[in-house]
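Structure, as structure tokens:
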């Protein structure tokens with residue numbers, strides 16, 4: 001009896017934590033305290049290759065025009081891309097969490113939706129990463145004298161916020177893929193090339209299209225995993241609008257088309273054929289998207305698609321700069 005009474009008192013002292021949905025509406029249950037692993041998980045490291053790959057491609061394209069390796073600027077571009085990606089991930093965690101969109105999600109629990117971290121804290125962290133990206137971006141602009149790129153940087157941050165933030169987030173209207181293609185494909189590749197070479201060769205444009213398609217493929221895999229939950233909460237992603245089968249077809253096209261681009265580039269840069277090795281990760285990802293039985297399996301496809309993009313970018317860099 002004494003041991004039972006002691007356990008009861010200990011349980012009463014624990015801080016109750018909400019586990020899912022809108023923090024104002026969900027039931028209160030026990031949950032473990034937040035750890036460093038939870039914070040790292042919230043940064044969604046498996047998506048970071050999508051930030052790194054465009055910078056690698058853009059740097060390689062710049063070396064076609066200027067053989068010198070501007071490593072300081074290249075690293076600064078990489079920092080901007082990664083910081084923006086992490087900022088997007090935290091602000092999405094916040095926005096989806098307060099809307100209750102993540103209440104029934106299949107993947108790892110988000111910080112806001114779990115209720116273990118105050119929503120405003122998650123938002124502040126996202127804004128800090130945006131601010132850091134802005135500082136590094138400003139340093140690049142000062143170094144290169146390309147002041148017009150202030151508008152580009154501002155557009156990146158605004159687009160990142162309104163993806164799931166604001167009263168009418170465009171990510172909830174089936175326009176997420178447009179955002180990803182532009183701001184995780186065209187802008188980072190072309191921007192990286194421009195600040196290093198001040199010219200945009202055709203190779204940069206082709207590489208930008210490839211990077212954007214890989215980013216869209218990752219988003220499709222993510223939204224296919226959450227299709228039932230998104231329907232339930234009224235999140236009208238492109239996947240919800242076109243359905244499972246069409247999403248599988250579009251995803252496959254988005255993964256395969258970059259390799260058609262690399263095959264074309266190989267006519268001029270033979271090393272670009274090595275990009276086909278990235279299919280060692282890409283083909284299994286396609287197979288999972290078409291054959292998965294449980295939504296959780298698509299988490300693996302998401303990671304494999306990101307790694308495909310990174311390996312592809314490495315091969316193009318070698319082809320362009322080699």
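The values are calculated or read from the model by the stated rules, or taken from the named source; none is laboratory data. Just so it is clear, the structure is predicted and the values come from calculations on it, not from any experiment. Please note: Cβ atoms are built from the backbone with ideal geometry, for glycine as well, and neighbour counts cover all protein chains shown.
Conditions tested, residue by residue: (1) surrounded by fewer than 24 Cβ atoms within 10 Å (Cβ to Cβ); (2) in contact (Cβ under 8 Å) with a residue 60 or more places away in the chain; (3) touching a helix residue (DSSP H, G or I) at 6+ places or on another chain (Cβ under 9 Å); (4) not in a helix (DSSP H, G or I).
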site: 46; (1), (2), (3), (4): yes, yes, yes, no
site: 57; (1), (2), (3), (4): no, yes, yes, no
site: 64; (1), (2), (3), (4): yes, yes, yes, no
site: 73; (1), (2), (3), (4): yes, yes, yes, no
site: 76; (1), (2), (3), (4): yes, yes, yes, no
site: 81; (1), (2), (3), (4): no, yes, yes, no
site: 90; (1), (2), (3), (4): no, no, yes, no
site: 93; (1), (2), (3), (4): no, no, yes, no
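Being at pLDDT 95 or above and surrounded by 21 or more Cβ atoms within 10 Å (Cβ to Cβ) narrows it down to one of 133, 139, so name that one. Before you say what the answer is, go through the steps one by one.
Numbers: 139 fails: surrounded by 21 or more Cβ atoms within 10 Å (Cβ to Cβ).
Answer to the check: 133.
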Conditions (1) part of a helix (DSSP H, G or I); (2) more than 18 Å from the chain's Cα centre (by Cα) -> residue 239 fails only (2)
Over segment 158-189, the set of residues assigned to a helix (DSSP H, G or I), surrounded by fewer than 21 Cβ atoms within 10 Å (Cβ to Cβ) and touching a residue at least 60 places away in the same chain (Cβ under 8 Å) is 161, 173
Residue within segment 18-40 that is assigned to a helix (DSSP H, G or I), closer than 19 Å to residue 222 by Cα and either at pLDDT 80 or above or in contact with a strand residue (DSSP E or B) (Cβ under 9 Å, 6 or more places away or on another chain) (or both) present:
yes
Going through (1) under 17 Å from the mean Cα position of the chain (by Cα); (2) closer than 25 Å to residue 60 by Cα; (3) buried (at least 19 other Cβ atoms within 10 Å of the Cβ) one by one, residue 307 fails only at (3)
* Asked: Does residue 277 fit the bill of being more than 22 Å from residue 183 (Cβ to Cβ), touching a residue at least 24 places away in the same chain (Cβ under 8 Å) and either touching a strand residue (DSSP E or B) at 6+ places or on another chain (Cβ under 6 Å) or in a helix (DSSP H, G or I) (or both)?
  -> yes
Note to self: Being buried (at least 18 other Cβ atoms within 10 Å of the Cβ), within 22 Å of residue 267 (Cα to Cα) and touching a helix residue (DSSP H, G or I) at 6+ places or on another chain (Cβ under 9 Å): is that true of residue 281 here?
What the structure shows: no
By residue number, the members of segment 130-148 that are touching a helix residue (DSSP H, G or I) at 6+ places or on another chain (Cβ under 8 Å), part of a helix (DSSP H, G or I) and more than 25 Å from residue 92 (Cα to Cα) are 139, 140, 141, 143, 144
Within segment 285-297, restricting to residues that are assigned to a helix (DSSP H, G or I) and surrounded by fewer than 24 Cβ atoms within 10 Å (Cβ to Cβ), the one that is modelled with the lowest pLDDT is 297
Note: among 192, 121, 144, just one is more than 15 Å from the chain's Cα centre (by Cα) and surrounded by 23 or more Cβ atoms within 10 Å (Cβ to Cβ), namely 192
If we ask which residues in segment 55-77 are at pLDDT 95 or above and closer than 11 Å to residue 140 by Cβ, their number turns out to be 6
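Does residue 126 meet the test of being modelled with pLDDT of 90 or more and at positive phi?
Here the answer is no, as residue 126 does not meet what is asked.
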